[in-house]
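J.: The structure's right below; bear with me while I get my questions together.
The values are calculated or read from the model by the stated rules, or taken from the named source; none is laboratory data. Note that the coordinates shown come from a computational prediction; the quantities given were computed from them, not determined experimentally. Here the Cβ is made from the backbone with ideal geometry for all residues, glycine too, and neighbour counts use every protein chain on show. What goes into the accessible areas is simple: the full protein's heavy atoms, side chains included, and nothing from ligands, DNA or RNA. Shrake-Rupley method; radii C 1.70, N 1.55, O 1.52, S 1.80 Å.
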Amino acid sequence: MILSFALSAQQHLITNVTGRKTVSLNGDWQYIVDPYETGFYNYRWQERAENDREAYWNSDVPDNKTDRKEHGYTDEYILKVPQDWNSQDSKFLFYEGTVWYKKTFNAKLPSANERIYIHFGAVNYQAHVYLNGKKLGKHTGGFTPFNFEIPRGLLKEENNFLVVKVDNKRLKDEIPTLNTDWWNYGGITRDVNLVTVPNTFIIDYAVYLEKASVNAKQKTITGWVVFNEAASGDLTIEIPELKIKTEAVYKSDTARFSIQVKNLQLWTPEKPKLYQVILSSTQDRLIDKIGFRTIEVKGKQILLNNEAIFLRGICIHEEIPQEIRRANGQRDALQLLGQAKELNANMVRLAHYPHNEAMAKVADSLGILVWSEIPVYWTIDFANADVLNKAKLQLKEMIQRDHNRASIIIWSVGNETPVHEARTRFMRELVIRARALDNTRLISAALEVHNVNGTQTIDDPLGQYTDIVSVNEYLGWYGGLPSNCRNAKWSVKYDKPLFFSETGAEALGGFHADSLTRWSEEYQEWYYREQIDMMKRMPDNYVGMSPWILNDFRSPRRNNPVYQEGWNNKGLFDQKGNKKKAFYVLKNYYAEVERSTKH
Ligand code: GCU
């Protein structure tokens, strides 16, 4: 069951935005760089009052020639939205701090039967949003969507003055925290839309296949719809291709339904069948494309539609290395997932944060399984209750946006967090919360491995709560040489599916030497050969891997002046998109596995 997200109107997140009446605010926005946050705090470091004339969300036009204005927006300073600022101008390459974005636009006012919202696909990291001098709200979290209703009467037909304060400063008590192995791209990195909806509208919905019926001739599709307010009326659910049209009566803010279906074609990586689903209520109508499948763990196996699967994965950062920018939208998703397909992969681990919405939609259509993750990464402030709430909010926003995507089979609550009591308590809370929000998918996290008297030991206490045991290991890169894999012994405490969520080695694309030479493509190739031979000797609960990583990516931690220069080069594709030698080792292994698991 996927928990409905019925919340008070102010808090809810509108899903399936692209299926609604939208006006895009993408394009050129004017900006002011404000590292001292002068536009937000006065000289006594007090937050400026809403009507403070020197606040950067208020008009920058002098009243007359004597008027003193010390801020202003001009076409001389333009940033493209959506796109991180780091990749748009060399002065932003290393910038972390506040940038004010401003957009002036005309609008069609909503009718008396409509509401209008402003929706952001994501802003990294914190956003304060103002319209015509009024604060609409604030959102914290760099990789999940949010929206604010525009109060009736605030929107004008002409010259609306929209201002967003974006701050990507890293802070200890945020998610992620101060240290990460990826570049902290800042800005309005995803789409911005005005969304017009009926007064009573469908906020969210779930339509999915009941697990128990997956093998039955007659299958059960179940679901629910949540409205923004309590109402009563008839909800119609249609799946035209299956000649389904059924009614559900609702008398509150939620309607539930269950439909018996014959001749349903299940969604699989080989045949990723998607059905058009139409939900219509008295005032609203939404269309989505949904795949029906089940995923579960049975003993040491992962079952997709009740059949054991092997995950031929690869990790992906949300980045287009050729343009050194955050990825966003369908074209970028096709590029990244197309590379994964070239690898014979059937699964991607979207590290280490929720990627943009296009990724899971394209994965749905390409038949690629997805691991989706919140950036509870490394040394989070685990003892801080506020930080746990921030993590829970990001988890809810991730699950609420994508829970109708068949490709997503795993929600991950974190990566490589250090084992101690406060951390395991914190992470257990997230596992429980994730399962409460959506118990139709597997819950995981990248756990810790440690060496006990020469044996690679997996006994991370968090493993007792997750559905699968996933670990990152770098035997032969961060310890010893790849030949150490030959006599590696592994001990796994849990009788659950064992998945290697990372393994990898760096190589500077085009640098060739003998295989013992660190940073050469030959070393990385040797690493993959030894690692794959070791995987073939794994215990029988080994269900797959997602090596680190598809593409070289920008990282502030990698400063070898010859072989890194601010890049983590563990990619199987280099920064220019060329395949390294190790690419072919993994591709061949996956082709071999695919042949051996074909029925
Ligand atoms: C870690 C971490 C990655 C990091 C990788 C590396 O496992 O999860 O985010 O980039 O190792 O060291 O390259």
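J.: From the list A206, A248, A255, A216, which one is open to solvent by 20 Å² or more (accessible area, probe 1.4 Å), of a type outside the set (D, E) and more than 16 Å from the ligand (Cβ to nearest atom)?
T.: Of A206, A248, A255, A216, the one residue that is open to solvent by 20 Å² or more (accessible area, probe 1.4 Å), of a type outside the set (D, E) and more than 16 Å from the ligand (Cβ to nearest atom) is A216.
J.: Still on this structure, please answer the following. Restricting attention to the stretch 475-504, which residues are in contact with a Ser or Thr (Cβ under 9 Å, 6 or more places away or on another chain) and free of Cβ contacts under 8 Å to residues at least 40 places away in the same chain?
T.: If the condition is that a residue be in contact with a Ser or Thr (Cβ under 9 Å, 6 or more places away or on another chain) and free of Cβ contacts under 8 Å to residues at least 40 places away in the same chain, then K489, S491, K493, Y494 are the ones that fit.
J.: Taking the residues in the stretch 498-534 that are part of a loop (DSSP other than H, G, I, E, B) and closer than 25 Å to L311 by Cα as candidates, determine which candidate is farthest from the chain's Cα centre (by Cα).
T.: Filtering first and then ranking leaves A507.
J.: For the stretch 171-189, give me each residue that is within 16 Å of the ligand (Cβ to nearest atom) and under 20 Å from F146 (Cβ atoms).
T.: Listed by number, the residues that qualify are I175, P176, N184, Y185.
J.: Of all residues in the stretch 120-146, which are farther than 17 Å from I32 by Cβ, touching a residue at least 60 places away in the same chain (Cβ under 8 Å) and surrounded by fewer than 20 Cβ atoms within 10 Å (Cβ to Cβ)?
T.: Scanning the stretch 120-146 gives K134, K135, T140.
J.: What number of residues within the stretch 505-520 satisfy the criterion of being in contact (Cβ under 8 Å) with a residue 60 or more places away in the chain, open to solvent by 10 Å² or more (accessible area, probe 1.4 Å) and within 16 Å of the ligand (Cβ to nearest atom)?
T.: 2
Listed here are the residues, each with its yes/no results for (1) open to solvent by 20 Å² or more (accessible area, probe 1.4 Å); (2) without any contact (Cβ under 8 Å) to a residue 40 or more places away in the chain; (3) assigned to a loop (DSSP other than H, G, I, E, B); (4) in the same structural domain as I118 (by TED's automatic domain parsing).
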{"residue": "F148", "(1), (2), (3), (4)": "yes, yes, no, yes"}
{"residue": "K169", "(1), (2), (3), (4)": "yes, no, yes, yes"}
{"residue": "L194", "(1), (2), (3), (4)": "no, no, no, yes"}
{"residue": "A212", "(1), (2), (3), (4)": "yes, yes, no, no"}
{"residue": "G223", "(1), (2), (3), (4)": "no, yes, no, no"}
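J.: Say whether the condition of being more than 16 Å from the ligand (Cβ to nearest atom) and over 27 Å from V543 (Cα atoms) is met by at least one residue in the stretch 366-382.
T.: Looking for residues that are more than 16 Å from the ligand (Cβ to nearest atom) and over 27 Å from V543 (Cα atoms), one finds at least one in the stretch 366-382, hence yes.
J.: Looking at the stretch 249-303, what strands (runs of 3 or more DSSP E) fall wholly within it and have at least 2 residues that are within 15 Å of S365 (Cβ to Cβ) and at pLDDT 95 or above?
T.: 275-280, 285-290
J.: For the stretch 380-389, which positions are touching a residue at least 12 places away in the same chain (Cβ under 8 Å) and over 20 Å from L350 (Cα atoms)?
T.: Scanning the stretch 380-389 gives D381, F382, A383, N384, D386, V387, L388.
J.: Here is a follow-up. Here are S232, S252, S281: which of them is at negative phi and touching an Asp or Glu at 6+ places or on another chain (Cβ under 9 Å)?
T.: Only one candidate qualifies: S281.
J.: Any idea which residue in the stretch 567-584 is surrounded by the fewest Cβ atoms within 10 Å (Cβ to Cβ), counting only those that are more than 16 Å from the ligand (Cβ to nearest atom), within 21 Å of A351 (Cβ to Cβ) and of a type outside the set (G, A, S)?
T.: K579
J.: I need the full set of residues from the stretch 548-580 which are in a strand (DSSP E or B) and within 24 Å of the chain's Cα centre (by Cα), in order please.
T.: If the condition is that a residue be in a strand (DSSP E or B) and within 24 Å of the chain's Cα centre (by Cα), then N551, F553, R554, W567, N568, F573 are the ones that fit.
J.: How many residues are part of a loop (DSSP other than H, G, I, E, B), of a type outside the set (S, T, Y) and open to solvent by less than 100 Å² (accessible area, probe 1.4 Å) when one looks only at the stretch 47-78?
T.: 16
J.: Of the conditions (1) under 17 Å from I314 (Cβ atoms); (2) open to solvent by 50 Å² or more (accessible area, probe 1.4 Å); (3) assigned by TED's automatic domain parsing to the domain that holds S412; (4) not charged (D, E, K, R), N559 satisfies every one except a single condition; which number is it?
T.: (1)
J.: Continuing with this model, one more query. Scan the stretch 478-497 and give yes if some residue there is more than 32 Å from the chain's Cα centre (by Cα), within 16 Å of the ligand (Cβ to nearest atom), open to solvent by 40 Å² or more (accessible area, probe 1.4 Å) and at negative phi, otherwise no.
T.: no
J.: Taking into account only those residues within the stretch 521-566 that are in contact with a strand residue (DSSP E or B) (Cβ under 8 Å, 6 or more places away or on another chain) and polar (S, T, N, Q), which is nearest to the ligand (Cβ to nearest atom)?
T.: S555
J.: Please state which one of V413, V471, V452, V431 is more than 16 Å from the ligand (Cβ to nearest atom), closer than 30 Å to I532 by Cβ and not hydroxyl-bearing (S, T, Y).
T.: V452
J.: Another question about this same structure. For the stretch 398-413, does any single residue satisfy the condition of being part of a helix (DSSP H, G or I), polar (S, T, N, Q) and without any contact (Cβ under 8 Å) to a residue 24 or more places away in the chain?
T.: Within the stretch 398-413, none of the residues are part of a helix (DSSP H, G or I), polar (S, T, N, Q) and without any contact (Cβ under 8 Å) to a residue 24 or more places away in the chain.
J.: I would also like to ask the following. Of a type in the set (S, T, Y) and open to solvent by less than 50 Å² (accessible area, probe 1.4 Å): does that describe T104?
T.: Here the answer is no, as T104 does not meet what is asked.
J.: Okay, moving on. Regarding the stretch 171-185, can at least one residue be identified that is among the hydrophobic types (A, V, I, L, M, F, W, C) and within 30 Å of R293 (Cα to Cα)?
T.: Within the stretch 171-185, none of the residues are among the hydrophobic types (A, V, I, L, M, F, W, C) and within 30 Å of R293 (Cα to Cα).
J.: Just give me the residues in the stretch 344-360 being surrounded by 24 or more Cβ atoms within 10 Å (Cβ to Cβ) and assigned to a loop (DSSP other than H, G, I, E, B), in sequence order.
T.: Hits for the stretch 344-360 are A345, N346, A351, H352, Y353, P354, H355, N356.
J.: All but one of (1) assigned by TED's automatic domain parsing to the domain that holds A391; (2) open to solvent by 30 Å² or more (accessible area, probe 1.4 Å) hold for Q265, so report the exception by its number.
T.: (1)
J.: Being part of a helix (DSSP H, G or I) and either buried (at least 23 other Cβ atoms within 10 Å of the Cβ) or not hydroxyl-bearing (S, T, Y) (or both), is that true of even one residue in the stretch 438-460?
T.: no
J.: Taking the condition of being within 13 Å of P176 (Cβ to Cβ) and open to solvent by less than 10 Å² (accessible area, probe 1.4 Å), how many residues in the stretch 414-423 meet it?
T.: 3
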